Amino acid sequence: MKIAIIGRGNVATSLNAAFAKKHIDAPMLNSHVLVAGSPVPEADVYIYAVADAALPVVVNAVHAPMRAIHVHTSGTLPVTVFGDDKPHAGILYPFQTFSKVLPIDDFSEVPLFVEGRNIDDVAAIYTLALMLSPRVMEASQSDRERLHVAGVFANNFTNCMYRMAADILRGTSIPFSVLLPLIDQTAAKVHTLAPRDAQTGPAVRNDEQVIRHHLELLAANPLIADAQTEIYRLLTDYIRMNKQ
């Protein structure tokens, strides 16, 4: 099976490395070159790992044999982004955060969500996914969209909280690294506890005195943006309202 990965970003690089560990050649193709009119090398499977905004343009630039399977890696875009000239199409959505500077050592731990135009396409994409990870599941468009939003909360917004925590420590003698054991323990807890049961802190305890003091400290600190004070208040209110 000849596999070609269209794109050279974080997801493409990670997929390329994952296939390489399985001794499967999956070269990366520059999407900009393809859009500019460069011919597309022949393959059995084309994996589109490009930004959502660029995907329709890149898809239209790829002309391949009708038997080829085309899959994108987006968590939000539908199968219909592939036109009638690509009758065998679907989705291979790896649910993980990817970075070129911190590659995934063990891709077998990455959940892969698949969808296809028909049962035969689903079976083919499922087989392709199993080359990378045993954690393969079918997911509808609506389920995948909600998973993507959940991932933004669990990953992107959480990392933003780390950034805010680092900002709060600016100007003190305390480095951000002292938070790492706390971060690691919090993440470890949700492997065995439901997030609701793992919740701690002044909001879940209704410790009004501590909450008021925190808000005063944030409001008085010139290095802290007003938005951070409002985020503290909003999250505190959310925890209070959803304790049970």
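Taken together, the values in this text are just the output of simple stated rules run on the coordinates, not laboratory data. What you see is a predicted model; the values in this text were computed from it and never measured. Quick reminder, even Gly has a Cβ in these numbers, built from the backbone with ideal geometry, and neighbours come from all protein chains shown.
Taking amide H as placed 1.01 Å from N in the peptide plane, V136 has its amide H under 5 Å from the amide H of L112, each at least 5 places away in sequence or on another chain. Using the Cβ-Cβ distance between L223 and T200 with R0 set to 35 Å, the FRET efficiency from 1/(1 + (r/R0)^6) comes to roughly 0.85.
In degrees from 0 to 90, rounded to the nearest 10, what is the angle of the helix 226-241 Cα long axis to the longest principal axis of the chain? So the helix axis and the longest Cα principal axis differ by about 90 degrees. Cα centroid separation, segment 1-58 to segment 97-172: 18 Å.
The packing ranking of peptides 89-97, 102-110, highest mean first, is 89-97, 102-110, where packing means the average number of other beta carbon atoms within 10 angstrom of each residue. For the chain, the relative contact order comes to 12 percent (Cα pairs under 8 Å, sequence separation of at least 6).
Per-residue Karplus couplings for segment 22-39, computed as 6.51 cos²θ - 1.76 cosθ + 1.60 with θ equal to phi - 60°, are listed in order as 8, 6, 10, 7, 9, x, 8, 10, 6, 5, 5, 5, 5, 5, 6, x, 5, x Hz, Gly and Pro entered as x.
Taking the C-alpha atoms only, the angle from helix 119-130 to the longest principal axis of the chain is near 60 degrees. For H88, the amide hydrogen comes within under 5 Å of the amide hydrogens of H70, counting only partners 5 or more places away or on other chains and with H modelled in the peptide plane. Within segment 161-209, the trypsin sites (Lys or Arg not before Pro) that combine a DSSP coil assignment with at most 11 other C-beta atoms in a 10 angstrom radius are R170. How many percent of the alpha carbon pairs in the chain exceed a separation of 23 Å? Cα-Cα pairs of the chain separated by over 23 Å account for 59 percent.
Taking the C-alpha atoms only, the angle from helix 10-21 to the longest principal axis of the chain is near 60 degrees.
Just the Cα atoms of segment 144-241, one point each, no solvent: what log10 I(q)/I(0) does Debye give at q = 0.17 Å⁻¹? Result of the Debye calculation: -0.96.
Whole-Hz Karplus values for segment 137-154 come out as 9, 6, 8, 6, 4, 5, 5, 5, 4, 5, 4, 5, 5, 4, x, 4, 5, 6 Hz, taken residue by residue from phi with 6.51 cos²θ - 1.76 cosθ + 1.60 and θ = phi - 60°; glycine and proline positions read x.
Averaged over residues, the count of other Cβ atoms within 10 Å places the peptides 123-130, 230-237 in the sequence 123-130, 230-237, highest first.
Using a cut-off of 26 Å between Cα atoms, the listed pairs K22/K100; K21/K86; K2/K86; K21/K189 include K21/K86; K21/K189 as exceeding that distance.
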